[in-house]
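None of the figures in this text is laboratory data; all of them are computed from the coordinates on show. Worth saying up front: this structure is predicted, and the values here are computed from it rather than measured. Quick reminder, even Gly has a Cβ in these numbers, built from the backbone with ideal geometry, and neighbours come from all protein chains shown.
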Amino acid sequence: MPDPAPTYWDYLKLDQLLSLQGGLEEHDGQVEPDELHFIIVHQAFELWFKLVLRELRLARDYLAAPRVAEEAIPHVVHHLGRVNEIFRLLVDQFAIMETLTPQDFLAFRDKLVPASGFQSFQMREIELVLGLEDAQRVVEGGLDPMRTLERMARQSPGGAGAWAKIDAARRETTLLDGLRRWLHRTPIQGSSPGDPGDEDAVDAFLADYLARLEGTGEVAATKLKEIPGTDAAETDRRIAAGQSQARTFLLALDRPEAERARVKRTRAGLVFVESYRRLPLLAWPRLLIDTVVELEEQLVLWRTRHARMVERVIGRRVGTGGSSGVDYLDQTARYRIFGELWTVRTLLLPRDDLPALQRPELYGFAV
Ligand code: HEM
């Protein structure tokens, strides 16, 4: 007997899927329509988070390989592009949640305490796989969010499994690590890591770049000081601070000595790709960077949109998870996991001011 042809309901396990919306009562019939709405919206988010995690881990695995084949980059861009589309959808999905009026929610909110999206272990895994560090997290009232989660997990029946997932994700290679390793190998002015004189080539590129940046800073300062009423000393101070930050960033002076050479080359690779992004060889690398920037932008938009939705539904009261609520959520919107990709935007040079490209033939065409 051949296997029976699959049916839609069997393949999607619809019976099981549709039997999971009974809430604490474990019974659909006892759940009011507003609460059913609340449960389904959350479950829909969590299903998308599951796919996001799969896509992120796949992209991370490609990037973290010891050698990333040229043709792997389009795959990474493709999978991260899917994550971006999912987040775009999720940001819009909050509008559905907002059809729950403040009073509709108050009717069942108290029975949820201390359950909260704060315990979405999949969101924590997403943050961890991307590369958010514990030190970046918002600490409220001296309470470290990861420790709070761990404590909550210990006290809840399903907690062990949830915490095990978070804990395992903490030990994974992050997408940020993979991206940095890949950027580190960028050919800079035709020189790659391991080539004779590579460090000198990178240093020469950075010295030239910084000198040119100083030149554009002076031009900007002169123009700004021509604006009537401008405080010249303050303008000079701001421009000098920008120059100093650029130097610290590009020469990795913010890092311990032992890491400096590696970080410097990684950041130089990033500046190089962003600066000479029109070169054919850099077409995919720049697309990858753009896609990661968009990913972080989407995540920030997600956090901001969630916070506005929360403000609309519960105002500024404390969350069911015990945080300050909207204030806490607004602070999380300041997280930047891929900070270097954002910082580099502050110190890019106009195309005409860039150091002359060396060995252009290596990058796809002579210029
Ligand atoms: C009426 C609807 C909602 C309200 C009032 C609400 C409220 C809150 C509040 C106040 C927090 C802060 C933690 C706390 O003290 O509880 C929070 C966190 C969170 N919520 Fe919601 N939420 C709602 C819907 C959603 C939905 C649909 C999702 C989708 C999965 C979600 C996901 C999250 C996540 C992931 C966090 C953790 C944020 C972080 O710590 O970075 N929430 N929510």
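To make sure I understand, if each residue's beta carbon is the centre and we count other beta carbons within 10 Å, what order do Val300, Val344 fall in, fewest to most? Spell out each step's value before the answer.
Details: Val300 17, Val344 20.
Fewest to most other Cβ atoms nearby, the residues stand as Val300, Val344.
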Item checked: Dipole magnitude (debye, nearest 20) for the chain, charges at Cβ of Lys, Arg, Asp, Glu -> 640 debye
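Using the Cβ atoms and a cut-off under 12 Å, what net charge is assigned to the surroundings of Phe87, where Lys and Arg are +1 and Asp and Glu are -1? Could you put the intermediate results ahead of the total?
Working: positive: Arg82, Arg88, Arg303, Arg305; negative: Glu55, Glu85, Asp92, Glu294, Glu296, Glu297.
Counting the neighbours of Phe87, the net charge comes to -2.
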Item checked: DSSP-loop GluC sites (Glu not before Pro) across the stretch 210-255, with at most 12 other Cβ within 10 angstrom -> Glu226
Notebook entry, point to check: If one takes the longest principal axis of the Cα atoms in the chain, at what angle in degrees, from 0 to 90 and to the nearest 10, does the Cα axis of helix 159-170 lie?
Noted result: 10 degrees
Check: Expressed as an acute angle from 0 to 90° and rounded to the nearest 10, what is the orientation of the C-alpha long axis of helix 33-64 relative to the principal long axis of the chain?
Finding: 40 degrees
Next item on the list: Give the cross-link partners of Lys165 among the lysines, using a straight C-alpha distance below 27 Å as the criterion and excluding same-chain residues fewer than 8 apart.
Entry: Lys13, Lys50, Lys111
Checklist line | Sum of side-chain charges, Met97 neighbourhood, beta-carbon under 15 Å (Lys, Arg +1; Asp, Glu -1) | finding: -2
Next item on the list: State the answer as a single residue: which of Leu58, Met97, Tyr276 lies farthest towards the positive end of the charge dipole of the chain, with beta carbon charges of +1 for Lys and Arg and -1 for Asp and Glu, about the Cα centre.
Entry: Tyr276
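Would you mind calculating the gained length between Gln155 and Ile227 on full extension (0.36 nm times residue separation, minus the Cα-Cα distance), in nm to one decimal? Intermediate results must be reported in sequence, preceding the final value.
Values: separation 72, 0.36 × 72 = 25.92 nm, distance 6.22 nm.
Full extension from Gln155 to Ile227 adds 19.7 nm.
In whole Å and largest first, what semi-axes does the C-alpha gyration tensor of the chain yield when each eigenvalue is scaled by 5 and square-rooted?
Values: eigenvalues 403, 148, 70 Å².
Each semi-axis is the square root of five times an eigenvalue, giving 45, 27, 19 Å.
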Checklist line | Cα centroid separation, the stretch 109-128 to the stretch 288-361 (Å) | finding: 21 Å
